[in-house]
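These notes are about the structure you will find just below.
Since every read-out is calculated from the coordinates, none of them should be taken as a lab result. Treat the numbers as computed from the prediction; the structure is a model and nothing was measured. All Cβ positions, even for glycine, are placed from backbone atoms using ideal geometry, and neighbour counts span all protein chains on display.
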Amino acid sequence: MVQESTVRRSIRNEADNRRCPKRVCIRNDVEEHNCGTMSEQCNFCGAVYWKEEKNTAHKYTKCCHDGKVQLPAFPDAPELLKHC
C-alpha cells in the first residue's frame with residue numbers, strides 16, 4: 001500500500017516535470033509602453049477611458065452600455081477611509 005502510493009507520486013511528479021519548464025527566461029530589455037492618460041469620459045456615467053477605447057460608433061460603452069445599465073450608488077465610505 002505504501003509502495004503503491006510512492007509509485008503513484010513518482011509518476012505524478014514525472015508528469016509535472018514534463019509540463020513545467022526547467023528554466024525561466026527573465027528579460028530586462030522589454031520596452032515600456034505608455035497608453036497615455038485616461039482623459040475621455042462616458043457621456044452617461046462619467047467612467048474614464050483612453051481615447052483608443054472607443055467602439056466603431058465612436059462611443060464608450062463598456063461601462064454602462066449607453067446608460068442602459070444603472071447601479072445604485074455606493075454608500076459613503078467610513079470616516080477612517082476618507083482620510084487615507
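Among all the aspartates and glutamates, which ones have a C-alpha under 20 Å from Lys68's C-alpha, if same-chain residues fewer than 8 places away are not counted?
Counting by Cα, and skipping residues close in sequence, Lys68 has these aspartates and glutamates nearby: Glu40, Glu53.
What is the calculated FRET efficiency for Glu40 to Leu81, with r their C-beta to C-beta distance and R₀ = 25 Å, to the nearest 0.05?
With a Förster radius of 25 Å, E is 0.35.
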